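Enquirer: Right, I'll just put the structure down here and ask away after.
The values are calculated or read from the model by the stated rules, or taken from the named source; none is laboratory data. Keep in mind that this is a model prediction, so the values were computed, not measured. Counting neighbours? That spans all protein chains shown, and the Cβs are built from the backbone with ideal geometry, glycine included. Accessible surface areas use protein heavy atoms only, side chains included; no ligands, DNA or RNA. Shrake-Rupley method; radii C 1.70, N 1.55, O 1.52, S 1.80 Å.
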Amino acid sequence: MKFSHYCIVSILVLFFSCKKDATVTPPDLGYNYYPGTIKSYVIYDVDSIVYRQPQGDTLTYKFQIKESMDTLITDNENRPTIKLIRYKKIYSPTVPYSAMTWTIEKVWVANKTTTDVEVVEENIRYTKLAFPAKLGLVWNGTAHADTVECDYSYTSFDNPLKLNGNSFAKTLTVAQNLDTNALIYQNYYEQYARGVGRVYKQIINYVYLQDSQGAHRGVIYSGIYYVETVNSYGTD
């Protein structure tokens, strides 16, 4: 009996010791797709083409944008808010970017919560990311904006990606707007990398040519092509 009692006590002690030492891994909600680290930055190479009518020409632009998470402030709802400063360098065939000085182009703000990331761009608040992040998740990207409702969705998740010589082990894609028919072509999306934030942005908005013979799908009459691709990233 003493031996049996000893064995039972030993098993109970071992059980509770193991239970005490066990660690529970918190769920991965995807928060590090937008780290929100103050003084971090991402530099983008920007390519833009504007198709103009009635001029009948195109304007091509090349420049760099440095988006810096400058400081943490408080918004009018008393929430912690990231002040985003966007700096610009305009491309020159004779002067390298490294010899240029950054000039402030715009100031935006961002709020990261347990459920989403909201960024105010041009006075419009977009819900850029939704948590928990997972493939196929759909949310209203303009829920906090006085504009047309637009569903965003994750169309890829934790996929490797190479951009401009940068290799990212895990990225996701946010589809923002895809609309194509005989008259228009619109394709907006962004990509984010774990530990970095946004690494790619595409805006394509074309209107196709129409004349007496009808619509000419694929023949651009007017519109814009705009792409930001990560060049480098780090902390100031």
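Enquirer: Going by the structure shown, is TYR51 part of a strand (DSSP E or B) and more than 23 Å from the chain's Cα centre (by Cα)?
Expert: Working: part of a strand (DSSP E or B): yes; more than 23 Å from the chain's Cα centre (by Cα): yes.
The answer is yes for TYR51.
Enquirer: Within segment 75-93, is there a residue that is surrounded by fewer than 12 Cβ atoms within 10 Å (Cβ to Cβ), out of contact with any helix residue (DSSP H, G or I) (no Cβ under 6 Å at 6 or more places or on another chain) and β-branched (Val, Ile, Thr)?
Expert: no
Enquirer: Among the residues of segment 60-67, is any of a type in the set (Phe, Trp, Tyr), under 28 Å from ASP236 (Cα atoms) and loosely packed, with under 15 Cβ neighbours inside 10 Å? I'd like the intermediate steps shown before the answer.
Expert: We begin by selecting, within segment 60-67, every residue of a type in the set (Phe, Trp, Tyr); these are 61, 63.
Filter once more, keeping what is under 28 Å from ASP236 (Cα atoms): 61, 63.
Next, only the ones that are loosely packed, with under 15 Cβ neighbours inside 10 Å stay: 61.
Yes, segment 60-67 contains at least one residue that is of a type in the set (Phe, Trp, Tyr), under 28 Å from ASP236 (Cα atoms) and loosely packed, with under 15 Cβ neighbours inside 10 Å.
Enquirer: Further question on the same structure: Is it the case that LEU72 is closer than 22 Å to TYR192 by Cα, among the aliphatic types (A, V, I, L, M) and open to solvent by 50 Å² or more (accessible area, probe 1.4 Å)? Give the steps one after another, and end with the answer.
Expert: Numbers: closer than 22 Å to TYR192 by Cα: yes; among the aliphatic types (A, V, I, L, M): yes; open to solvent by 50 Å² or more (accessible area, probe 1.4 Å): yes.
Spelling it out, LEU72 is indeed closer than 22 Å to TYR192 by Cα, among the aliphatic types (A, V, I, L, M) and open to solvent by 50 Å² or more (accessible area, probe 1.4 Å).
Enquirer: Now for a separate question. So is VAL119 of a type in the set (A, V, I, L, M), within 19 Å of LEU29 (Cβ to Cβ) and assigned to a strand (DSSP E or B) or not? Step through it out loud before you land on a result.
Expert: Numbers: of a type in the set (A, V, I, L, M): yes; within 19 Å of LEU29 (Cβ to Cβ): yes; assigned to a strand (DSSP E or B): yes.
Here the answer is yes, as VAL119 does meet what is asked.
Enquirer: Looking at the structure I just gave you, is THR94 out of contact with any Leu (no Cβ under 9 Å at 6 or more places or on another chain), of a type outside the set (A, V, I, L, M, F, W, C), farther than 24 Å from GLN202 by Cα and in a loop (DSSP other than H, G, I, E, B)?
Expert: On the way: out of contact with any Leu (no Cβ under 9 Å at 6 or more places or on another chain): yes; of a type outside the set (A, V, I, L, M, F, W, C): yes; farther than 24 Å from GLN202 by Cα: yes; in a loop (DSSP other than H, G, I, E, B): yes.
So THR94 passes the test.
Enquirer: Does GLY165 qualify as being open to solvent by less than 40 Å² (accessible area, probe 1.4 Å) and on the phi > 0 side of the Ramachandran plot?
Expert: Numbers: open to solvent by less than 40 Å² (accessible area, probe 1.4 Å): no; on the phi > 0 side of the Ramachandran plot: yes.
It is false that GLY165 is open to solvent by less than 40 Å² (accessible area, probe 1.4 Å) and on the phi > 0 side of the Ramachandran plot.
Enquirer: Checking ARG125 against (1) open to solvent by less than 50 Å² (accessible area, probe 1.4 Å); (2) under 25 Å from THR81 (Cα atoms), which test does it fail?
Expert: The failed condition is (1).
Enquirer: Here's a follow-up. Going through segment 102-116 one residue at a time, which ones are assigned to a loop (DSSP other than H, G, I, E, B), β-branched (Val, Ile, Thr) and open to solvent by 60 Å² or more (accessible area, probe 1.4 Å)? Before you say what the answer is, go through the steps one by one.
Expert: Our first condition is that a residue be assigned to a loop (DSSP other than H, G, I, E, B); within segment 102-116, this holds for 102, 113-115.
Adding the requirement that they be β-branched (Val, Ile, Thr) leaves 113-115.
Selection gives THR114, THR115.
Enquirer: Answer yes or no as to whether ILE224 is modelled with pLDDT of 95 or more, open to solvent by 50 Å² or more (accessible area, probe 1.4 Å) and more than 14 Å from LEU135 (Cα to Cα).
Expert: Values: modelled with pLDDT of 95 or more: yes; open to solvent by 50 Å² or more (accessible area, probe 1.4 Å): yes; more than 14 Å from LEU135 (Cα to Cα): yes.
Yes; evaluated as a whole, the condition is true for this residue.
Enquirer: Output the strands (runs of 3 or more DSSP E) that fall wholly within segment 151-236 and possess 3 or more residues being farther than 25 Å from LYS62 by Cβ and free of Cβ contacts under 8 Å to residues at least 40 places away in the same chain, or say none.
Expert: Values: elements: 151-163, 166-180, 184-193, 197-211, 214-235.
Hits in segment 151-236: 151-163, 166-180, 197-211, 214-235.
Enquirer: Still on this model: So which residues in segment 143-163 are of a type outside the set (A, V, I, L, M, F, W, C) and at pLDDT 95 or above?
Expert: Of segment 143-163, the ones of a type outside the set (A, V, I, L, M, F, W, C) are 144, 146-147, 149, 151-156, 158-160, 162.
Answer for segment 143-163, where residues must be of a type outside the set (A, V, I, L, M, F, W, C) and at pLDDT 95 or above: ASP151, TYR152, SER153, TYR154, THR155, SER156, ASP158, ASN159, PRO160, LYS162.
Enquirer: OK, next. Hey, among the residues in segment 128-153 that are touching a strand residue (DSSP E or B) at 6+ places or on another chain (Cβ under 6 Å) and of a type in the set (Phe, Trp, Tyr), which one's least open to solvent (accessible area, probe 1.4 Å)?
Expert: Ranking the qualifying residues of segment 128-153, first place goes to TYR152.
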